[in-house]
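**Student:** Provided herewith is a single structure, encoded as structure tokens, for subsequent inquiry.
No value in this document is a laboratory result; all are computed from the given coordinates. Everything quoted here is computed from the prediction, not taken from an experiment. Please note: Cβ atoms are built from the backbone with ideal geometry, for glycine as well, and neighbour counts cover all protein chains shown.
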Amino acid sequence: MTNGHCLCGGVRFRIDAELAPIQLCHCAQCRRAQGSAFAANIPVPAAAFHLLAGEELLTAYASSPGKQRVFCSRCGSPVYSRRDAHPDVLRVRAGLLDEPLATRPGLHIHVASQAGWWTIADALPRHDASAP
């Protein structure tokens, strides 16, 4: 069981599943949505994600056809994203999870569109597009 919350604490949740490796996404949309060089996402079964508080604070934004980014409307923290093509999976933002985490980064994706000002300096697997 892993707990997490947004910056203001209004949105609180629990994940009742073993955490997958963190996916570091360098696509332009994730960079803009996070305001950083990449997004740190953990794919989580939707059935294992339990909202404990703040449902009324969640707002969804359709960032592209079939994809929604869900965030706290009070503090702006991105909480998760979901795709219509994969309704059983949420990509939860790793930075919201309480420490310590039982997982670590596992790969970089969409490195073909990474920020020119950021250098990937680790030996994790890299994929030009999505993970295989």
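**Student:** Picking from 94, 62, which residue would you name as being under 15 Å from residue 6 (Cα atoms) and of a type in the set (A, V, I, L, M)? Step through it out loud before you land on a result.
**Tutor:** Values: 62 fails: under 15 Å from residue 6 (Cα atoms).
None of the other options fit; the residue is 94.
**Student:** Can you report the number of residues in the stretch 72-98 which are within 14 Å of residue 12 (Cα to Cα) and either without any contact (Cβ under 8 Å) to a residue 60 or more places away in the chain or among the β-branched types (Val, Ile, Thr) (or both)?
**Tutor:** 7
**Student:** Which one of 10, 66, 54, 35 is over 14 Å from the mean Cα position of the chain (by Cα) and closer than 26 Å to residue 129 by Cβ?
**Tutor:** Values: 10 fails: closer than 26 Å to residue 129 by Cβ; 54 fails: closer than 26 Å to residue 129 by Cβ; 35 fails: over 14 Å from the mean Cα position of the chain (by Cα).
Being over 14 Å from the mean Cα position of the chain (by Cα) and closer than 26 Å to residue 129 by Cβ holds for just one of 10, 66, 54, 35, which is 66.
**Student:** Tally time: how many residues in the stretch 81-129 are over 20 Å from residue 29 (Cβ atoms), outside any loop (DSSP other than H, G, I, E, B) and of a type in the set (Gly, Ala, Ser)?
**Tutor:** Initially, the stretch 81-129 is screened for residues over 20 Å from residue 29 (Cβ atoms), giving 88, 97-104, 106, 119, 121-125.
Retained after the next criterion (residues that are outside any loop (DSSP other than H, G, I, E, B)): 88, 97, 106.
Remaining after also requiring of a type in the set (Gly, Ala, Ser): 106.
The total comes to 1.
**Student:** Among the residues of the stretch 1-25, count how many are within 21 Å of residue 86 (Cβ to Cβ) and part of a loop (DSSP other than H, G, I, E, B).
**Tutor:** 6
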